[in-house]
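Undergrad: One structure is given below, represented as structure tokens, and several questions about it will come after.
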Amino acid sequence: MKIAVAIKQVPLRDSPLRVNAAGTWIEENNLGFEINEPDAYALEEALQLREKHSGEVIVISAGPARVSQTIREALAKGADRGIHSDVATLDTLHVASLLAAALKTEAPDLILTGLQSDDLGYGQTGVILAELLGLPHSTIIMQVQVMNDVQPGRVRVKRELEDGWFQHIEMPLPAVLTIQSGLNKLRYATLMGIKKAKTKEIKVINAAEAPPGSAVIEKLYAPEKNKQGQIFDGDPKAAAAKLVERLRFEARVL
């Protein structure tokens, strides 16, 4: 079984974020980077499926040269090989198009992505990727069961809905699934895995001639901070009622 996992490199969670001089994105010069957490859960699910059904796990990522380090980390955890589309872009459609072009030649049985990225949080890459490849897809996946023993070529998934409800769906393969965080316990890379990762293949695709993205961030800025106080007159009961009303209808925190 061939499983492809789309991963993204994002800034470390504890990194101090500052808007760059142009006001178009964050300043990246002094930032540390790591694998996007939902993508780490997608990778873990792929590794567990390979352990059950054999085959290989391919990690694929689009981004600048530094992304190769995150791909190496995925290889150290157990992925078999990597694909790096060397391009700097923040456009979801552009990224999905690059991933789709690379995966067409691989023809994987299953494609996994994280539900959304920790930096932009669009939650669109997996869905657009499925559309570009013409594959069935399902989102917010909490459980994956490949039904080779019962119905070969099909997969059964559990989706998370609202208010504690879940949905169970059977789908044909190949398919695209976006994985919810917390699906499995994440593994750490072993010393042996780190050593093996140095010899595993990372295929670099030069995307310099790819068409430009269709979306551009015009301006990025931190929310303005302002402080204001208000005193509610009257007895405590009336003042509390006014406070609750403001919190509910103006601040919208209740």
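Undergrad: Can you find a residue in the stretch 14-21 that is assigned to a loop (DSSP other than H, G, I, E, B), in contact with a Pro (Cβ under 8 Å, 6 or more places away or on another chain) and either buried (at least 17 other Cβ atoms within 10 Å of the Cβ) or of a type in the set (Ser, Thr, Tyr) (or both)?
TA: No, because not a single residue in the stretch 14-21 is assigned to a loop (DSSP other than H, G, I, E, B), in contact with a Pro (Cβ under 8 Å, 6 or more places away or on another chain) and either buried (at least 17 other Cβ atoms within 10 Å of the Cβ) or of a type in the set (Ser, Thr, Tyr) (or both).
Undergrad: Quickly run through the stretch 48-68 and pick out the residues that are in contact (Cβ under 8 Å) with a residue 40 or more places away in the chain and small (Gly, Ala, Ser).
TA: Passing the criteria: Ser54, Gly55, Ser61, Ala62, Gly63, Ser68.
Undergrad: Looking at the stretch 137-148, is at least one residue farther than 22 Å from Leu43 by Cβ, out of contact with any Leu (no Cβ under 7 Å at 6 or more places or on another chain), touching a residue at least 12 places away in the same chain (Cβ under 8 Å) and not aliphatic (A, V, I, L, M)?
TA: No, the stretch 137-148 contains no residue that is farther than 22 Å from Leu43 by Cβ, out of contact with any Leu (no Cβ under 7 Å at 6 or more places or on another chain), touching a residue at least 12 places away in the same chain (Cβ under 8 Å) and not aliphatic (A, V, I, L, M).
Undergrad: Say we look at the stretch 113-131 and pick out the residues that are crowded, with 17+ Cβ neighbours inside 10 Å and among the aliphatic types (A, V, I, L, M); which of these is farthest from Leu93 (Cα to Cα)?
TA: In this case the residue turns out to be Leu115.
Undergrad: Still on this structure, I have one more. Condition check: closer than 26 Å to Gln143 by Cβ, in a helix (DSSP H, G or I) and free of Cβ contacts under 8 Å to residues at least 12 places away in the same chain. Does Glu45 satisfy that?
TA: The answer is no for Glu45.
Undergrad: Filter the stretch 48-81 down to the residues that are among the basic types (Lys, Arg), outside any strand (DSSP E or B) and either modelled with pLDDT of 95 or more or buried (at least 24 other Cβ atoms within 10 Å of the Cβ) (or both) and list them by number.
TA: Selection gives Arg50, Arg72, Lys77.
The values are calculated or read from the model by the stated rules, or taken from the named source; none is laboratory data. From a predicted model like this one, the values you see are computed outputs, not experimental measurements. Neighbour counts are summed over all protein chains in view; Cβ atoms, including those assigned to glycine, are modelled from backbone coordinates with ideal geometry.
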